[in-house]
1. I need the peptides 24-33, 40-49 ranked by packing, meaning the mean over residues of other C-beta atoms within 10 angstrom, with the highest value on top.
2. Express the accessible area of the range 259-370 per residue in Å², computed with a 1.4 Å probe while the remaining protein chains stay in the model.
3. In whole Å, how far is the Cα centre of the range 117-194 from that of the range 51-67?
4. With the cut-off at 29 Å, tell me which of the pairs 8/266; 143/168; 168/266; 143/266; 101/143; 122/143 have Cα atoms farther apart than that.
5. Leaving out ligands, DNA and RNA, what percent of the accessible area of the range 14-118 is carbon and sulfur, probe 1.4 Å?
6. For the range 1-39 and the range 74-90, what is the centre-to-centre distance using only Cα atoms, to the nearest Å?
7. Where the only charges are on Cβ atoms (+1 Lys, Arg; -1 Asp, Glu), what is the dipole of the chain about its Cα centre, to the nearest 20 debye?
8. Give me the percent of DSSP beta bridges within the chain that run antiparallel, rounded to the nearest 5.
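The values are calculated or read from the model by the stated rules, or taken from the named source; none is laboratory data. Predicted model, so just to flag it, every value in this text is computed and none were measured. Cβ atoms come from the backbone with ideal geometry, glycine included; neighbour counts cover every protein chain shown. The accessibility values were calculated without ligands, DNA or RNA, using every heavy atom of the protein model including side chains. Shrake-Rupley method; radii C 1.70, N 1.55, O 1.52, S 1.80 Å.
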Amino acid sequence: MVEQSVLKARIARLVDVLGNNGLECAALVPGPSFYYLTGINLHLMERPTVLLVSADGRLHGVIPELEKNRWQAGMPGVDTEYWQDSEGYDEAFSRIAARMKAAKLGVEGQRMRVFESNVLRKHFGDGSVDDAQRLIAGIRLQKDRSEVECQQRAIAISEAALGSTIAKVRAGMSEREIQQMLQVAMLENGAEGFAFEAIVLAGGMSADPHGEPSGERRLQNGDPLLIDFGALYAGYSADLTRTFFCGHASDEHREIYETVKRANAKGRDVAAPGLTAHDVDAATTQVLRDSPFADLIVHKTGHGLGLDVHEAPQIMEGNRQELSSGMVFTVEPGLYRPGDIGVRIEDDVLITDEGSISLSGFDRELTIIG
């Protein structure tokens, strides 16, 4: 349960953003920002469910009747229109729009769907909806102590699960078997769910950064095994990747691994307040570029992490966003040779007043398993 004082402070930050950017209101659908401001986790479904935050600090809602009890318990006193499936939602939006008289709504363009955007335009005006993704998501950039504690718990659960799973992995197991073992272990260690479906890839498939585990592909002697996963705890995500080798690793595979390990260390070491996301990416990627494997680079260094498993800041070339205390992001350099090997080592990093700390600490030394 998020304390009301915390929610009020978060809403105040959003109100400041609206006022500073000429927006009269923010309109949010269920998702990370909706939860961040309300402490209520509603589903994004076929029924439009919208929180509206006015630039004067007042809150309004258009909520399906079946969510009424939860909404009233968590958001008492909010100006809300409830609607039944049998009557539809148009009149509820019409009544809210008439009371609010807002003409400039900011929405999260990466979250709001077309039909919700259309109903807002219908009742607030054709030109009423602006994409304010960066502005709205920006209020979640700096994590407070309680948020960091939740992420630390998610990471601890993930690392415990990985350790127990790797101890059981043997040649001949399928990617799907290993994935299922890992996900069960996360739940047994206290996960409330998964940040995403764990990626477990063996052999040449490890070169597909977002490949899907198979029940047919089986781990063989000499294979790399790439595992990208994360537990969910109190809504907050962990996101970790480690690459192992079954039985043995060739000299070249070892060299690729050590190159990625050096790049990961560089990214964690250099991250500090005042630098930009570009600076961290440049320092990390340069280690890969200076190696014999520069042609195996396929992605940026990392991404923000919190209520969304991928959020701001993007740790990539050209992003001049300045890093500041409280930001959490991944450092996950990788090298990939199709059909042969993929190596990624991913950690979750917190920017502090003095520099940065890695919230994750699972062993990064080349490890032979199975």
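1. Details: 24-33: 22.0, 40-49: 15.5.
Per-residue Cβ counts within 10 Å, averaged per peptide and sorted highest first, yield 24-33, 40-49.
2. Spelled out: the 1.4 Å probe surface of the range 259-370, per residue, equals 38 Å².
3. The range 117-194 and the range 51-67 have Cα centres spaced 26 Å from each other.
4. On the way: 8/266 39 Å; 143/168 36 Å; 168/266 31 Å; 143/266 23 Å; 101/143 33 Å; 122/143 36 Å.
With Cα atoms farther than 29 Å apart: 8/266; 143/168; 168/266; 101/143; 122/143.
5. Working: 2100 of 4610 Å².
With neighbouring chains kept in place, the figure for the range 14-118 is 46 percent.
6. Rounded to whole Å, the Cα centres lie 19 Å apart.
7. Working: 37 positive and 55 negative charges, 101 e Å.
About 480 debye.
8. Working: 39 of 52 bridges.
If I count the DSSP bridges inside the chain, around 75 percent turn out antiparallel.
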